[in-house]
Amino acid sequence: MPNNLFDHSNQYKSLRVLNWMITYNDVYEASRKERYSEQLQPISKNFVKEVSVYLKEKKEMASKEDDSFSDVIIKTKKQLENAITLFKEFMLRRKKKILTLVLVATETGISKHDFDNMLQFEKEMFEELMKCIDGSDKKLNFILKGGEDAGGEKNDLVSFIDGVEEFVDMKGNSIGPFEKGQIANIPKEIAQILVADKKVELVER
């Protein structure tokens with residue numbers, strides 16, 4: 001049996017830093033548990049790193065050319081494809097669950113258990129999404145309390161130094177076109193950009 005294909009001592013040297021070597025069954029089981037549970041499932045903190053090493057080793061095995069083990073190589077390639085598909089589905093389900101947890105957290109909060117089941121990068125994503133929703137809620141409350149303009153955004157009166165073609169603002173609304181010398185009342189945020197580009201100047205009120 002040629003050593004270049006199944007030399008475990010060399011082939012899995014990079015895996016020795018791990019307590020155990022992940023297998024296809026581990027990837028399958030993790031994906032299955034995530035699929036059939038409504039809650040975010042607890043997994044090893046090194047799971048993604050372990051999967052990365054597993055896939056790398058499988059790719060190396062699948063790329064070898066040896067007619068003596070063509071059946072084994074074909075089987076390895078198929079297992080690699082299945083493992084990649086399972087892992088993508090696994091991560092997608094976790095993302096969907098985290099998005100649901102974000103919405104729940106904005107209303108009632110979530111349990112420490114749910115948060116602890118997230119991987120580190122998932123916790124960071126969760127926290128960033130919470131900040132975005134918090135900022136959005138503050139803007140909504142500002143509008144409900146009678147804030148000026150939709151979105152609580154003030155306007156500036158500007159005079160156009162140069163002609164400006166029609167463009168889309170931050171909210172997807174069309175603005176313009178404007179001719180040189182034209183005065184218009186436009187959102188402050190847009191005005192600041194145009195002033196910086198020397199397209200307009202503020203009009204004293």
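The values are calculated or read from the model by the stated rules, or taken from the named source; none is laboratory data. Keep in mind that this is a model prediction, so the values were computed, not measured. We place every Cβ from the backbone using ideal geometry, glycine too, and count neighbours over all the protein chains shown.
Below is a table of values for the structure above.
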{"item": "Every residue from segment 23-48 that is under 27 Å from VAL104 (Cα atoms), exposed (fewer than 15 other Cβ atoms within 10 Å of the Cβ) and of a type in the set (Ser, Thr, Tyr)", "result": "TYR36, SER37"}
{"item": "Filter pass, ARG32 being assigned to a helix (DSSP H, G or I) and modelled with pLDDT under 95", "result": "no"}
{"item": "Verdict on GLU89 being within 30 Å of ILE133 (Cβ to Cβ), under 26 Å from the mean Cα position of the chain (by Cα), surrounded by fewer than 16 Cβ atoms within 10 Å (Cβ to Cβ) and at pLDDT 95 or above", "result": "yes"}
{"item": "Pairs, first not assigned by TED's automatic domain parsing to the domain that holds THR76 in segment 42-65, second modelled with pLDDT of 90 or more, C-beta under 7 Å, six or more apart", "result": "none"}
{"item": "GLU60 surrounded by fewer than 18 Cβ atoms within 10 Å (Cβ to Cβ) and either in a helix (DSSP H, G or I) or not basic (Lys, Arg) (or both)", "result": "yes"}
{"item": "Segment 113-127: number of residues that are in a helix (DSSP H, G or I) and either in contact with a Ser or Thr (Cβ under 8 Å, 6 or more places away or on another chain) or surrounded by 11 or more Cβ atoms within 10 Å (Cβ to Cβ) (or both)", "result": "8"}
{"item": "Single match in ILE84, ILE110, ILE98 (criterion: assigned to a loop (DSSP other than H, G, I, E, B), of a type outside the set (D, E, K, R) and within 27 Å of the chain's Cα centre (by Cα))", "result": "ILE110"}
{"item": "Residue check for LYS77: of a type in the set (Lys, Arg), surrounded by fewer than 17 Cβ atoms within 10 Å (Cβ to Cβ) and part of a helix (DSSP H, G or I)", "result": "yes"}
